[in-house]
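For reference, the structure is listed below as structure tokens.
The values are calculated or read from the model by the stated rules, or taken from the named source; none is laboratory data. Values in this document were obtained by computation on a predicted structure and should not be read as measured data. Glycine also receives a Cβ, built like all others from the backbone with ideal geometry; neighbour counts cover every protein chain displayed. Quick note on the areas: whole protein, heavy atoms, side chains included, nothing else; ligands and nucleic acids left out. Shrake-Rupley method; radii C 1.70, N 1.55, O 1.52, S 1.80 Å.
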Amino acid sequence: MPSISEDLKAKAEVYYGDEICKEKSKFLLQEAGLPRGLLPLEDIIECGYVEETGFVWLKQKKKKDHNFDKVARHVTYASEITAYVEKFKVRKLTGVKVKELLVWFTLSEISVNDPPTGKLTCKTSTGLFRTFPTDAFEIEDGK
């Protein structure tokens, strides 16, 4: 996981506080063509984005467990999440684990098809992947 140094922060747009960080993370996901509900985080204390590289980080007070009911998936978000975001893809993702049967896997990449087919693919660093409908990760307006 890349460390969030002061040099890196100097090159980034950095925000502090739960409300603005939630707003910025949803906006970034939407701009990348990804579902806005991919990061249902709580108590975010810091987020940052380096536009020239696409590097993003989010820090929350404590890890968060979340169930995506539409696809019956349990996901754990660490207190610090990092990734590189580009159009239709999140790569080099750290801090996100998903439970498959009785085993936890660390996700390393999330992507949607271009042109859009309504499918989202989650990959692990070992090459395992699952494809889900993108609408399972969307959020209703106003949330």
Checklist entry - Which links in Lys11/Lys63; Lys9/Lys123; Lys63/Lys89; Lys59/Lys119; Lys26/Lys64 stretch past 20 Å when you go from one Cα to the other? => result Lys11/Lys63; Lys9/Lys123; Lys63/Lys89; Lys59/Lys119
Next on the checklist: Loop only by DSSP, 16 or fewer other Cβ within 10 Å of the Cβ. Give me the chymotrypsin sites (Phe, Trp or Tyr not before Pro) in region 41-143 that pass, ordered by residue number.
Outcome noted: Phe88
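So what is the diffusion coefficient of region 49-123 in µm² per second by Stokes-Einstein at 20 °C and 1.002 mPa s, using a Kirkwood Rh over Cα pairs? Kindly include the intermediate steps, with their values, before the conclusion.
On the way: Rh = 13.3 Å.
D = 161 µm²/s.
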Next on the checklist: Counting heavy atoms of the protein chains only and a 1.4 Å probe, report the per residue accessible area for the chain as a whole number of Å².
Outcome noted: 59 Å²
Checklist entry - Which of the trypsin sites (Lys or Arg not before Pro) across region 40-135 are loop residues per DSSP, with 10 or fewer other Cβ within 10 Å? => result Lys62
Next on the checklist: What are the ³J(HN,Hα) couplings of region 85-97, residue after residue, when phi is run through the Karplus curve with 6.51, -1.76, 1.60 and θ = phi - 60°? Round to Hz, x for glycine and proline.
Outcome noted: 10, 9, 4, 6, 7, 10, 10, 6, 6, 10, x, 10, 10
Checklist outcome for this item: 1/(1 + (r/R0)^6) with r = Cβ-Cβ of Lys119 and Glu6, R0 = 41 Å, i.e. FRET efficiency to nearest 0.05, evaluates to 0.55
Next on the checklist: For the chain, set up a GNM with springs between Cα atoms under 10 Å and report which of Leu41, Leu29, Leu128 has the largest fluctuation.
Outcome noted: Leu128
Checklist entry - Of Phe129, Leu41, Pro115, whose Cα points farthest to the positive end of the dipole of the chain (charges on the beta-carbon: +1 Lys, Arg; -1 Asp, Glu; origin at the Cα centre)? => result Phe129
Next on the checklist: If I take the Cα coordinates of region 1-85 and project them onto the principal axes, what are the three extents in Å, biggest first?
Outcome noted: 40, 28, 24
Checklist outcome for this item: With Cα coordinates, the longest principal axis of the chain makes an angle with the long axis of helix 18-31, in degrees rounded to 10, of 60 degrees
Checklist entry - Karplus couplings for region 62-76 from phi (6.51 cos²θ - 1.76 cosθ + 1.60, θ = phi - 60°), rounded to Hz, Gly and Pro as x? => result 8, 4, 10, 9, 9, 9, 8, 4, 5, 10, 6, 10, 9, 10, 10
Checklist outcome for this item: Projected convex hull area of the chain, Cα atoms, direction-averaged, in nm², equals 8.4 nm²
Next on the checklist: Just to confirm my numbers, what's the Cα centroid distance between region 47-120 and region 12-42 in Å?
Outcome noted: 12 Å
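Carbon and sulfur together cover what percent of the accessible area of the chain at a 1.4 Å probe radius? Before the final figure, lay out each step's value.
Values: 4270 of 8430 Å².
Answer for the chain: carbon and sulfur cover 51 percent of the accessible area.
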Item to check | Point-charge dipole on Cβ atoms (K/R +1, D/E -1) for region 9-135, about Cα centre, debye to 20 | outcome: 400 debye
